[in-house]
Amino acid sequence: MTVFRYALMMVAALPTTALAAWEYKEKADPMTDFTRGIATASSGKEAVIVKCDGDGSHQVYADIYVSKYLGRGRSAFREIEYRVDKGEIQKLLAYHSDNSIAVMNSGLGKSRDMFLPAIAKGSSLALRLTTFDDEDYTTVLDISGGREAIAKVIETCGDKTAPPL
């Protein structure tokens, strides 16, 4: 019995990796009756969320939450690097605040239109960001199986300008 308890304690002490699974939910606004689609892949304190804030064109975007404080001020838009699976490293400009990065289309380019199809097809997302104190922060998220959940967000939000997945 003592050996069993010791073995159980050893297993509990092993490092674990949280696996993400996409969750889809809808949230209705009681004031406007607008229904938002929200798809989330989370891993511990970090997550990729695809959602919209309104119905119509250019409303669907990705929000990425990381455990590292990124900062505010200086320049709200920063270049981030990402890599899906074993593909090429891509760069995009994204808005950041505190611990989150918003990937959307803006006057700075078509970041959303590159990013959403990539994460919909991928299983692993590596991100490299620069924090407020100019340190590199790299994290890897499990994004397996996102295509169906992201497609539902696009459909629910009625975004006809969203890229094909």
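The values are calculated or read from the model by the stated rules, or taken from the named source; none is laboratory data. All of these numbers come straight from a predicted model, not from anything done at the bench. All Cβ positions, even for glycine, are placed from backbone atoms using ideal geometry, and neighbour counts span all protein chains on display.
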Exercise. How many residues are under 12 Å from Ala41 (Cα atoms), among the small types (Gly, Ala, Ser), assigned to a helix (DSSP H, G or I) and in contact with a helix residue (DSSP H, G or I) (Cβ under 8 Å, 6 or more places away or on another chain) if we restrict to segment 115-162?
Worked result: 1
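Which ones in segment 97-111 are assigned to a strand (DSSP E or B) and modelled with pLDDT under 80? Don't jump to the end; show me each part of the working.
Step one: of segment 97-111, the residues assigned to a strand (DSSP E or B) are 97-98, 100-103, 106, 109.
Those that are assigned to a strand (DSSP E or B) and modelled with pLDDT under 80: Ser106, Gly109.
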For this session: Could you please let me know if Glu155 is surrounded by fewer than 15 Cβ atoms within 10 Å (Cβ to Cβ), over 13 Å from the mean Cα position of the chain (by Cα) and touching a residue at least 40 places away in the same chain (Cβ under 8 Å)?
Result: yes
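Among residues belonging to segment 31-53 that are assigned to a loop (DSSP other than H, G, I, E, B) and over 23 Å from Asp98 (Cβ atoms), point out the one that is modelled with the highest pLDDT.
Residue satisfying both the conditions and the ranking: Met31.
A quick yes/no check of all residues on (1) more than 21 Å from Asp142 (Cβ to Cβ); (2) surrounded by 12 or more Cβ atoms within 10 Å (Cβ to Cβ); (3) under 13 Å from the mean Cα position of the chain (by Cα):
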site: Met31; (1), (2), (3): yes, no, no
site: Ala41; (1), (2), (3): no, yes, yes
site: Asp55; (1), (2), (3): yes, yes, no
site: Arg83; (1), (2), (3): no, yes, yes
site: Gly87; (1), (2), (3): no, yes, no
site: Asn105; (1), (2), (3): yes, yes, no
Seminar exercise, completed: Reported set for segment 59-102 where residues are within 27 Å of Asp33 (Cβ to Cβ) and touching a helix residue (DSSP H, G or I) at 6+ places or on another chain (Cβ under 8 Å) is Gln59, Val60, Tyr61, Ala62
For this session: Could you grab me the full set of residues in segment 128-141 that are among the hydroxyl-bearing types (Ser, Thr, Tyr) and loosely packed, with under 14 Cβ neighbours inside 10 Å?
Result: Thr138
Exercise. For the subset of segment 57-81 comprising residues that are of a type in the set (Ser, Thr, Tyr) and surrounded by fewer than 15 Cβ atoms within 10 Å (Cβ to Cβ), which member is nearest to Asp113 (Cα to Cα)?
Worked result: Ser57
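Quick one: would you say Ser144 is of a type outside the set (A, V, I, L, M), under 13 Å from Arg83 (Cα atoms) and surrounded by fewer than 17 Cβ atoms within 10 Å (Cβ to Cβ)? Please lay out each step first, then the result.
Numbers: of a type outside the set (A, V, I, L, M): yes; under 13 Å from Arg83 (Cα atoms): no; surrounded by fewer than 17 Cβ atoms within 10 Å (Cβ to Cβ): yes.
So Ser144 does not fit the description; no.
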